[in-house]
Amino acid sequence: MRIHSIKLLTKQLKQLHRFYTDVFGLTLKENSSETFAVKVGHSDLIFELADHAEENPFYHFAFDIPENKIDEAIVWLDSVGVTLNILPDNTFKAYSKTWHATSIYFYDPAGNIVEFIARHNHDNAILAPFTGKELLRISEIGLVVNDVTSMKDSMRTNYIINGYKDSYETFAAIGDEEGLFILSANHRAWLGSDKKASIFKTEITIEGTPEGVFVLGQYPYSLSVIGTPLT
C-alpha cells in the first residue's frame, strides 16, 4: 500500500514550514498563508492551518529511511538541533524483531510524534551520508479510533487492506511494509512519546483500488484511493 499523501492540521504552520524545508531540506511543492506541502520521496506531506482556536492538533507519522542509516540519522538529527525521545527502556532506538525494523522518535515543532524507521527487509542501503533528503517515503500514518478491532475489520472488508503483523485490542497495523495505517485506541500513549492519542481531522491519499473518496466511519478521516500515477 503506497501512501501518496497525508494532509494534517496544525496551529504552527510557519514553524513547520521552516522545519521541513530549512532544517530537513525537503522540496516545497505548495505554499500559501493557509497550507504548504513538501515532497518526501514519492509521498507528499501537507499541513493546513487549523481554524478552531481551541484545537491544537498532533499526529503520529513515520518516514522510511535507508535500512543501514539509523545511527547516522541519530547523529544528523542531533546536528540540526532535534532531540530524540527517550523510550521506556531508556534508549533512543526501538528494534522490532517481528517487523525486523529499527525506529527512532522525536517531536516536530507542532508536537507531532515523528518516526524514522529503517526496515531491514528492504534492499535500500546507501553509501551517501544521511541528511533529510534521504527520506524515502511516508510509510505510516496514525489513525485514532474508539474500537480498533472494528476499524480493522472495516478496512479489510471495504478497502481490501489487511492486517500487518502485530495486532492487539488497542493497536493494529494494517497495510504492508510500503505503507501502513497505525490504528490506536483513543487516549492510548503513542510509542516514543508520553502523549495520549487523540482524534483530529486527517486526509489520506493512497494508491490502489477501488478508486474513490471515502469517509472512515464516524471519524474526521478522509481516504482517497487513486490509481498509480504516471510519475
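The values are calculated or read from the model by the stated rules, or taken from the named source; none is laboratory data. It should be emphasised that the depicted structure is a prediction, and the values quoted were computed from it without experimental measurement. Cβ atoms come from the backbone with ideal geometry, glycine included; neighbour counts cover every protein chain shown.
Checking Ile174 against (1) closer than 30 Å to Asp78 by Cβ; (2) free of Cβ contacts under 8 Å to residues at least 60 places away in the same chain; (3) surrounded by 14 or more Cβ atoms within 10 Å (Cβ to Cβ), only one condition comes out false. Which one? Only one criterion is unmet by Ile174, namely (1). Within the range 48-95, the set of residues being closer than 22 Å to Ser167 by Cβ, touching a residue at least 40 places away in the same chain (Cβ under 8 Å) and more than 17 Å from the chain's Cα centre (by Cα) comprises Leu87 only.
Results for (1) modelled with pLDDT of 95 or more; (2) in contact with a Cys (Cβ under 8 Å, 6 or more places away or on another chain); (3) under 25 Å from Leu9 (Cα atoms), shown as yes or no for each residue.
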residue	(1), (2), (3)
Leu87	no, no, no
Phe106	yes, no, yes
Thr131	yes, no, no
Glu140	yes, no, yes
Val144	yes, no, yes
Asp153	no, no, no
Gly163	no, no, no
Asp166	no, no, no
Asp176	no, no, no
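Do any strands (runs of 3 or more DSSP E) entirely within the range 1-81 hold 2 or more residues that are of a type in the set (Asp, Glu), and if so, which? Of the strands (runs of 3 or more DSSP E) lying wholly inside the range 1-81, those with at least 2 residues that are of a type in the set (Asp, Glu) span 43-49.
The residue of the range 149-171 that is farthest from the chain's Cα centre (by Cα), among those that are outside any helix (DSSP H, G or I) and acidic (Asp, Glu), is Glu169. Restricting attention to the range 187-208, the residues that are surrounded by fewer than 20 Cβ atoms within 10 Å (Cβ to Cβ), within 20 Å of Lys7 (Cα to Cα) and not hydrophobic (A, V, I, L, M, F, W, C) total 6.
Counting residues in the range 94-103 that are of a type in the set (Ser, Thr, Tyr), crowded, with 22+ Cβ neighbours inside 10 Å and within 21 Å of Tyr221 (Cβ to Cβ) gives zero.
Residue-by-condition table, conditions (1) of a type in the set (Ser, Thr, Tyr); (2) under 20 Å from Ile138 (Cα atoms); (3) part of a loop (DSSP other than H, G, I, E, B):
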{"site": "Ala173", "(1), (2), (3)": "no, yes, no"}
{"site": "Phe181", "(1), (2), (3)": "no, yes, no"}
{"site": "Asp194", "(1), (2), (3)": "no, no, yes"}
{"site": "Phe200", "(1), (2), (3)": "no, yes, yes"}
{"site": "Glu203", "(1), (2), (3)": "no, yes, no"}
{"site": "Ile206", "(1), (2), (3)": "no, yes, no"}
{"site": "Pro210", "(1), (2), (3)": "no, no, yes"}
{"site": "Gly217", "(1), (2), (3)": "no, no, yes"}
{"site": "Val225", "(1), (2), (3)": "no, yes, no"}
